[in-house]
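Working notes, beginning with the structure itself.
The values are calculated or read from the model by the stated rules, or taken from the named source; none is laboratory data. The model shown is predicted, which means the values in this text are computed figures rather than measured ones. Glycine also receives a Cβ, built like all others from the backbone with ideal geometry; neighbour counts cover every protein chain displayed. Just so you know, the surface numbers come from the protein's heavy atoms only, side chains and all, with ligands and any DNA or RNA stripped out. Shrake-Rupley method; radii C 1.70, N 1.55, O 1.52, S 1.80 Å.
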Amino acid sequence: MIFRQLFDTESSTYTYLIGDEATRQAVLIDPVLEQVDRDLQLVSELDLELTHVFDTHVHADHVTASGVLRERTRATVVGGVGGASCTNVQVRHGDEVRVGQLVFQVLATPGHTDDSISYLLGDRVFTGDALLVRGNGRTDFQNGNAGQLYDSLTRVLFNLPDSTLVYPGHDYKGRTVTSIAEEKRHNPRLAGKSREEFIHIMANLHLPKPRKIDIAVPANRACGHVAPSPQGA
């Protein structure tokens, strides 16, 4: 397997390029619009063919590159049920997506948003904004639900083997990877916390609204196509 972790500094977003060495087919997970040329250059340099683009959810902090990548490569865009209607394939919990000989298992992990999914590949899981390194995604917009997120984290992700590596959608402190065992033991919002305690924590974060939410959410529902501004705006 070919694996690269890429970073967008403006939104602190991780994009993952994963390729099958046998067939040279590859997928980008959570690509960022401004990084399209960077990502396609790497695909070319590694002698890969981009056949799939996965989004973990409809993002609020950056615009996805899925639509532009589809136009430029004819890749299949995959997202969760209830997310962007422009995706080629909408997947549910338990579905599988094949990229060459690589088989990704879809895990429904709603709570940050109602369409949030994670992708499990062997001993690695790509969790988007559901589970972060020593944290988790916020639940105060886009049909977020703290109780639902607690259930996704504790009943779905924490049921994976402890050794499973967790690759998050973001990190704001330079951390690149964690594990299920680490987050069970050290995640301050989850370790030793009841469902009610978690809900209380999430209700009292008082986070500022994402700077790009008014642009990003409608654009991402259209696979990253930003609507033109009205004349005079």
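Roughly to the nearest percent, how much of the accessible area of region 81-131 is carbon and sulfur, given a 1.4 Å probe?
Working: 770 of 1900 Å².
Ligands and nucleic acids excluded, carbon and sulfur reach 41 percent.
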- Message: Checking the a/c ratio against 1.5 first, then a/b against b/c, what shape does the Cα gyration tensor give for region 23-102?
- Response: oblate
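For region 53-168, what proportion of DSSP beta bridges, expressed in % and rounded to the nearest 5, is antiparallel?
On the way: 13 of 22 bridges.
Antiparallel: roughly 60 percent of the beta bridges in region 53-168.
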- With charges only on Cβ, +1 for K and R and -1 for D and E, what is the dipole size of region 1-94 about its Cα centre, in debye, rounded to 20? 340 debye
- Message: Using alpha carbons only, how many angstrom separate the centre of region 120-138 from the centre of region 167-228?
- Response: 9 Å
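Can you tell me how region 97-159 classifies by the Cα gyration tensor, rounded, prolate or oblate, using a/c under 1.5 as the rounded cut? Walk me through the numbers on the way to the answer.
Working: a/c = 2.35, a/b = 1.88, b/c = 1.25.
The shape class here is prolate.
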- Could the peptides 85-94, 102-111, 124-133 be put in order, highest first, of the mean number of other beta-carbon atoms found within 10 Å of their residues? 124-133, 102-111, 85-94
- Query: Can you list residues whose amide H is under 5 Å from residue 179's amide H, if they're 5+ apart or on another chain and H is modeled 1.01 Å from N?
  - Reply: 166
- Interchain or sequence-distant (5+) residues whose placed amide H lies within less than 5 Å of the amide H of residue 170 are 14
- Query: Relative contact order for the chain using alpha-carbon pairs under 8 Å, separation at least 6, rounded to a whole percent?
  - Reply: 18 percent
- Item | Magnitude of the charge dipole, the chain, Cβ model with Lys/Arg +1 and Asp/Glu -1, debye to 20 | 400 debye
- Query: What's the tally of Lys pairs in the chain whose alpha-carbon atoms lie under 22 angstrom apart, where the two lysines are 8 or more places apart or on different chains?
  - Reply: 4
- With θ set to phi - 60° and the Karplus curve 6.51 cos²θ - 1.76 cosθ + 1.60, what are the ³J(HN,Hα) couplings of region 95-101 in order, to the nearest whole Hz, using x for Gly and Pro? 5, 10, 10, 9, 10, x, 8
- Could you go through region 52-58 in sequence order and give the Karplus-derived ³J(HN,Hα) for each residue, using 6.51 cos²θ - 1.76 cosθ + 1.60 with θ = phi - 60°, rounded to whole Hz, and x for Gly and Pro? 9, 10, 10, 10, 7, 5, 6
- Note on the structure: If one builds a Gaussian network model of the chain from Cα atoms under 10 Å apart, the most fluctuating residue listed among 147, 169, 83 is 147
- Give the label of the value calculated from the structure for Rg and Dmax of the Cα atoms in Å, choosing from (i) 17.8, 56; (ii) 18.4, 61; (iii) 17.0, 55. (iii)
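Share of antiparallel DSSP beta bridges in the chain, in percent to the nearest 5? Write down the numbers at each step before the final one.
On the way: 28 of 43 bridges.
Once the DSSP bridges in the chain are tallied, antiparallel ones form about 65 percent.
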- Rounded accessible area of residue 1 (nearest 10 Å², 1.4 Å probe): 90 Å²
- Note on the structure: Taking the dipole of the chain about the Cα centre (Lys, Arg +1; Asp, Glu -1; charges at Cβ), the one of 201, 42, 103 that reaches farthest to the positive side is 201
- Per the helix-only calculation at 222 nm, which mean residue ellipticity applies to the chain, given -39500 (n - 2.57) for every DSSP H run of n ≥ 4 and division by its residues, nearest 500 deg cm²/dmol? -5500 deg cm²/dmol
- Under unit Cβ charges (Lys, Arg +1; Asp, Glu -1), what dipole magnitude, rounded to 20 debye, does region 125-184 have relative to its Cα centre? 100 debye
- Message: Keeping all protein chains in place and using 1.4 angstrom, which order do 193, 173, 212 fall into by accessible surface area, from largest down?
- Response: 173, 193, 212
- Indicate the gyration tensor shape class of region 151-233 (rounded, prolate or oblate), computed on the Cα atoms with a ≥ b ≥ c the square roots of the eigenvalues: a/c under 1.5 is rounded; otherwise a/b larger than b/c is prolate and the rest oblate. prolate
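Rounded to the nearest whole Å², what accessible area per residue is found for the chain with the 1.4 Å probe?
Numbers: 10580 Å² over 233 residues.
Averaged over the residues of the chain, the accessible area is 45 Å².
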- Message: For residue 91, what residues show an amide H to amide H distance below 5 Å, using hydrogens built from the backbone and excluding near sequence neighbours?
- Response: 79, 80, 81
- Task: Among 120, 160, 28, determine the one that fluctuates most according to a GNM of the chain built with springs between C-alpha atoms less than 10 Å apart.
- Result: 160
